[in-house]
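Reading through the structure tokens given below for one structure.
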Amino acid sequence: MALHKGPGKHQERLMSVNPFYGEANPVGGMTEAPPTHRLPDTPLPPSTAYQLVHDELMLDGNSRLNLATFVTTWMEPQAGVLMGECRDKNMIDKDEYPRTAELERRCVAMLADLWNAPDPSAAVGCSTTGSSEACMLAGMALKRRWAQRNADRYPGARPNLVMGVNVQVCWEKFCNFWEVEARLVPMEGDRYHLDPQAAAELCDENTIGVVAVLGSTFDGSYEPVADLCAALDALRERTGLDVPVHVDGASGAMIAPFLDEDLVWDFRLPRVASINTSGHKYGLVYPGVGWALWRDKEALPEELVFRVNYLGGDMPTFALNFSRPGAQVVAQYYTFLRLGREGYRAVQQTTRDVARSLADKIEALGDFRLLTRGDELPVFAFTTDGDLPYDVFDVSRRLRESGWLVPAYTFPPNREDLAVLRVVCRNGFSHDLADLFVADLGRLLPELRRQPHPLTKDRETATGFHH
């Protein structure tokens, strides 16, 4: 969560209350205008409080037009009803809400089967508040397993985690919070994600694991998990180092099983110890729910698991968070039940088709060069092509005028010279909306071409990149 500070004295103000907010007496709701940064002295009618909050939220962007976020922005009304019925249920209370706990268990079993666990009944998993928590849990398990194997050297030795520089920021947080050295493989040339051989060369006796990303947030490309495992197999043969792999499948773990069935990235690879995904991304559920699964009990050290009373028995739990609503887990089970494999395949294929089609149309405008085409994740990145009087930051800023939220950002080392726009296509972003988007973009180009030069003065402050 973001960290916030309280307001300075000059920022304190009163909110304006419309006379019509009073239900019976038009001026009844105006006896006191509530402050914005401290608790009001007296209550407000519920309709007045609602309208004040509602009106301010109108200034937020339209989530359906947000092409920056991977998070689900549309679900069926029936899912919304179920979530409303379960928002008051606390997931941690397994004893009081046994059926919600059972639906969570079924979701884990379904994912273990989907990700080809050797023995789905032996796989271990849990729901989380999102992929960030799931990654933290997976990282903790990797570190604890390494510490057990190196009990004679730890805590004197400093553990490290190898990953591409393109990983989601939660991995940097993990390394910071849990005192693990982050060893990052930089981008090089037209390679925008991890290189298997470079990753293997960074491993040593203190490496707790290597993270492979099935769907980079920078450009939507899959990292070569099978090639990474092969490079680590070769490392073991040469040195005896046995380094496990965690697959951060925040998005791709809910795309590849349906659209890329021949791609081997999951528990079919013996070196893959754990996988995470975001149910609230291409799992097609509103935020926030994620999932973390381990190949078997050996991959998740027992001392990390806490026990809670469940129906008079013993329920193992593994989480950073404690209280959270059961609504998202119920919605995930609803979506699994509602769509099944064929339904997920149809939804994800449609989304990929929209991404590919839109990428082709943007390329046809002539001013842009595609880095990716949406043929892995339904996500693609593109940049300006040639000597143009505008840059990607100008494009992002001007698209916002039509309501489109498209991030522009620079790439990390060693490609800081490259600035791109990225489009994330999700369920609910239809061919019709994509056509409206490319039409708006096309209408902007004549004006952008007439600029004397790019108008962005500070690329760092202009960058808007939201995972």
| said: Rounded to the nearest angstrom and ordered from largest down, what semi-axes does the equivalent ellipsoid of the chain get from its C-alpha gyration tensor (root of 5λ)? | reply: 38, 32, 23
| said: Return the Rg/Rh ratio of region 43-104 with Cα-based radii and a Kirkwood Rh. | reply: 1.10
| task | Restricting things to alpha carbons, tell me how big region 324-364 is in terms of Rg and Dmax, in Å. | result | 15.2, 47
| note | The answer for GluC sites (Glu not before Pro) in region 164-243 that fall in a DSSP coil and have at most 15 neighbouring Cβ atoms within 10 Å is E179, E205
| said: Looking only at the chain, where both bridge partners belong to it, what percent of the DSSP beta bridges are antiparallel (to the nearest 5)? | reply: 65
| query | Cα-based Rg (one decimal) and Dmax (whole number) for region 39-174, in Å? | reply | 21.7, 65
| remark: Stokes-Einstein D for region 347-451 (25 °C, 0.890 mPa s, Kirkwood Rh from Cα pairs), in µm²/s, comes to 175
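Against the globular-protein guess of 2.2 N^0.38 Å, express the Cα radius of gyration of region 105-151 as a ratio, rounded to two decimals.
1.33
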| field | Relative contact order (percent, whole number), region 278-391, Cα cutoff 8 Å, 6+ residue spacing | value | 16
| Computed over region 221-337, the ratio Rg/Rh where both radii use C-alpha atoms and Rh is Kirkwood | 1.03
| query | Relative contact order (percent) for the chain, with alpha-carbon contacts under 8 angstrom and 6 or more residues of separation? | reply | 19
| remark: Correct semi-axes for region 94-213, from √(5λ) of the alpha-carbon gyration tensor and rounded to whole Å with the largest first, are 30, 19, 14
| Semi-axes, largest first, in whole Å: what does sqrt of 5 times each Cα gyration tensor eigenvalue give for region 284-352? | 30, 16, 12
| If one computes the Cα centroid of region 146-180 and of region 402-435, what distance in Å separates the two points? | 31
| query | Ignoring ligands, DNA and RNA, how do K89, K94 rank by accessible area with a 1.4 Å probe, largest first? | reply | K89, K94
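Only helical DSSP H runs with n ≥ 4 go in: add -39500 (n - 2.57) per run for the chain, normalise by residue count and round the 222 nm mean residue ellipticity to 500 deg cm²/dmol.
That comes out to -11000 deg cm²/dmol.
The values are calculated or read from the model by the stated rules, or taken from the named source; none is laboratory data. Just so it is clear, the model here is predicted, and its values are computed rather than measured. Glycine gets a Cβ as well: all are built from the backbone with ideal geometry, and neighbour counts include every protein chain shown. In case anyone asks, the SASA skips ligands and DNA or RNA and just uses the protein heavy atoms, side chains included. Shrake-Rupley method; radii C 1.70, N 1.55, O 1.52, S 1.80 Å.
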